[in-house]
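Values in this text are rule-based calculations from the coordinates and carry no lab data. Quick caveat, the model's predicted, so the values are computed rather than measured. When we count neighbours, we look across all protein chains shown, and the Cβ atoms used for this are built from the backbone with ideal geometry, even at glycine.
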């Protein structure tokens, strides 16, 4: 694919395990692709600062990387997942979107006896992150919710909904809801969350298809083993 918004720069400071925390069994979406999707969505939405939601947040890695790199362009971040362990992981990672959060995480590492090498790794990445956190951090809300069971009650509509759907390889759908087609149920439940002009970026397997008539398709991106749709609810 051709990248228009995320250049070939060094994104290693956002790699899982440097500052953002890696959690076993919770896969990480590619950082550069995340930032490219945000850029395309922002262009389509046309607002200076976006309200962002990930209903399948996992460890919150993608939202946190987005919230760090694009902080001046994000007004609010909402993250949810059906798995309580993911919710706690997302709270941990999204806490790093402020200077205070970065400092507190560094202190916890030292208190737990992290090696000098590990602390140096953290400090190197944090030094690249700090200049990006100069403004007001976005409002962050992390909560447990089963997106296949119902549409959550967010305090406001969102401009950009991002989701990396379970592939059935490292992750599976977890739900208490009866759904013969989980992806279709997912698409149905996200439509009411988008503000007028809002955009959803939904990644999944190569056979992922949005339900006919539900969305206007803005873009279709093939990236490795993923297929990503940029969508706007049909009028």
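Starting from the Cα of residue 144, move 7 Å in the Cα-to-Cβ direction to define the label point; list residues of the range 53-85 whose amide nitrogen is under 20 Å from there.
Within reach of a label on residue 144: 54-61, 78-85.
In nanometres, what is the gap between the two model label sites at residue 5 and residue 234, each 7 Å from Cα along Cα-to-Cβ?
Distance between the two pseudo-spin positions: 2.5 nm.
Taking R0 as 30 Å, what's the FRET efficiency between residue 91 and residue 151 from their Cβ-Cβ distance, rounded to 0.05?
That gives a FRET efficiency of 0.85.
Taking only Cα atoms, what is the 0 to 90° angle, nearest 10, from helix 31-45's long axis to the longest principal axis of the chain?
50 degrees
Could you give the angle, 0 to 90 degrees to the nearest 10, between helix 99-111's Cα long axis and the longest principal axis of the Cα atoms of the chain?
That helix lies at roughly 60 degrees to the long axis.
Between residue 222 and residue 188, what is the FRET efficiency for a Förster distance of 25 Å, r being their Cβ-Cβ separation, to the nearest 0.05?
Result of the calculation: an efficiency of 0.50.
With just the Cα atoms defining each centre, how far is the range 8-87 from the range 177-232? Give it in Å.
Here the two parts' Cα centres lie 17 Å apart.
How high is the FRET efficiency between residue 124 and residue 99 when r is their beta carbon distance and R₀ equals 25 Å, given to the nearest 0.05?
Approximately 0.90, to the nearest 0.05.
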